[in-house]
Amino acid sequence: MFLTINPIAFSLGPIQIHWYALFITLGAVLAVVLAMREAPRKNIKPDDILDFILMAFPISIIGARLYYVIFEWSYYSKHLSEIFAIWNGGLAIYGGLITGLIVLIIYCYYKFINVYDFLDVISPGIFLAQAIGRWGNFVNQEAFGKAVDNLNYLPKFIQNQMFIDGQYRVPTFLYESIWNLIGFIIIIILRRRPKFMRRGQIFAFYLIWYGIGRFFIEGMRTDSLMLGPIRVSQIVSILILLAGIGITIYQSKKKEKYYQD
């Protein structure tokens, strides 16, 4: 018998709190704390980080859901009542990131903050938030790969949760979580080294690292958002990878330092 995890963590009267929401919220909170601690090194007020996240977080959730629904419209057009049921999963990370970036650019414009500075400050936290958020997919039994004979190399609770539709599934959620966690550790270690002292290069590293990992991991998934025969996330992964390389090359030609001494 396979004991799977109940997607509902606990209830407060009639309100059900889902693990999916808890993981996303935990990731967001830790990302904000990290960014607020780092902000003064870029002459950004910690309150500016907090004000931004209070504005961007709900909008990014809407963007992540809208992105998912658009590419799954064949289903949601027939189940309109489920469009707002985000507690069941169905938040596309790329949709949230794109929406959040738009809000960030507008916010920085009105706050007179350099966009690259702001992106450099929040990028490590985004890595960590994504690493944690993927465990919401784990509880909801989504973001998985092909069927396999066994998952004996993994702890029993992961094996049980990855037993889906009568078969074990490759835990691609776990691969992406680990990839993002490694990226977070690398960026924390290297961000004050000379090679990472240019404006925008922390953000560029995030784009390159995440783009590479997501491209290959997405290729393992069996529940990808598709545009005809093409995996949408692989296209976006290539684009952000190229953007990261472009920012790195462009900023490396400048003589601006990343941190104020």
Tally of residues being of a type outside the set (A, V, I, L, M) and either open to solvent by 30 Å² or more (accessible area, probe 1.4 Å) or more than 18 Å from residue 36 (Cα to Cα) (or both) across the stretch 100-120: 6
Failed condition for residue 101, given (1) part of a helix (DSSP H, G or I); (2) touching a helix residue (DSSP H, G or I) at 6+ places or on another chain (Cβ under 7 Å): (2)
Among (1) modelled with pLDDT under 95; (2) within 21 Å of residue 200 (Cβ to Cβ) - the single one residue 63 does not satisfy: (2)
Residue 22 vs. criteria under 15 Å from the mean Cα position of the chain (by Cα), over 21 Å from residue 94 (Cβ atoms) and surrounded by 16 or more Cβ atoms within 10 Å (Cβ to Cβ): yes
Residue list for the stretch 215-243, filter: loosely packed, with under 14 Cβ neighbours inside 10 Å, of a type in the set (A, V, I, L, M) and closer than 16 Å to residue 142 by Cβ: 226
Residue that is farthest from residue 90 (Cα to Cα) [pool: residues in the stretch 1-19 that are in contact with a strand residue (DSSP E or B) (Cβ under 9 Å, 6 or more places away or on another chain) and open to solvent by 80 Å² or more (accessible area, probe 1.4 Å)]: 2
Condition met for residue 202 (part of a helix (DSSP H, G or I), surrounded by 20 or more Cβ atoms within 10 Å (Cβ to Cβ) and modelled with pLDDT under 95): yes
Unique residue being touching a residue at least 12 places away in the same chain (Cβ under 8 Å) and assigned to a strand (DSSP E or B) when the list is 35, 9, 31: 9
Residue match in the stretch 124-137 (condition: touching a Lys or Arg at 6+ places or on another chain (Cβ under 8 Å) and of a type in the set (Lys, Arg)): no
Any hit, the stretch 216-224, residues being small (Gly, Ala, Ser) and farther than 21 Å from residue 120 by Cα: yes
Only one of 62, 49 that is open to solvent by 30 Å² or more (accessible area, probe 1.4 Å) and of a type outside the set (Ser, Thr, Tyr): 62
Residue in the stretch 106-115 that is under 15 Å from the mean Cα position of the chain (by Cα) and either more than 30 Å from residue 212 (Cα to Cα) or in contact (Cβ under 8 Å) with a residue 40 or more places away in the chain (or both) present: no
Flag for residue 212 being surrounded by fewer than 16 Cβ atoms within 10 Å (Cβ to Cβ), part of a helix (DSSP H, G or I) and β-branched (Val, Ile, Thr): no
Filter result for residue 53 (more than 13 Å from the chain's Cα centre (by Cα), more than 24 Å from residue 224 (Cα to Cα) and modelled with pLDDT of 95 or more): no
Scan of the stretch 78-93 for residues that are assigned to a loop (DSSP other than H, G, I, E, B) and open to solvent by less than 50 Å² (accessible area, probe 1.4 Å), ordered by number: 83, 85, 89, 90, 91, 92
The stretch 133-163, residues that are more than 24 Å from the chain's Cα centre (by Cα) and either crowded, with 20+ Cβ neighbours inside 10 Å or under 15 Å from residue 9 (Cα atoms) (or both): none
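The values are calculated or read from the model by the stated rules, or taken from the named source; none is laboratory data. Every value quoted in this text rests on a predicted model; they were computed, and no experiment measured them. Using ideal geometry, Cβ is built from the backbone for each residue, glycine included, and neighbour counts are taken over all protein chains shown. Side chains are part of the model used for accessible areas, which takes the heavy atoms of the whole protein and leaves out ligands, DNA and RNA. Shrake-Rupley method; radii C 1.70, N 1.55, O 1.52, S 1.80 Å.
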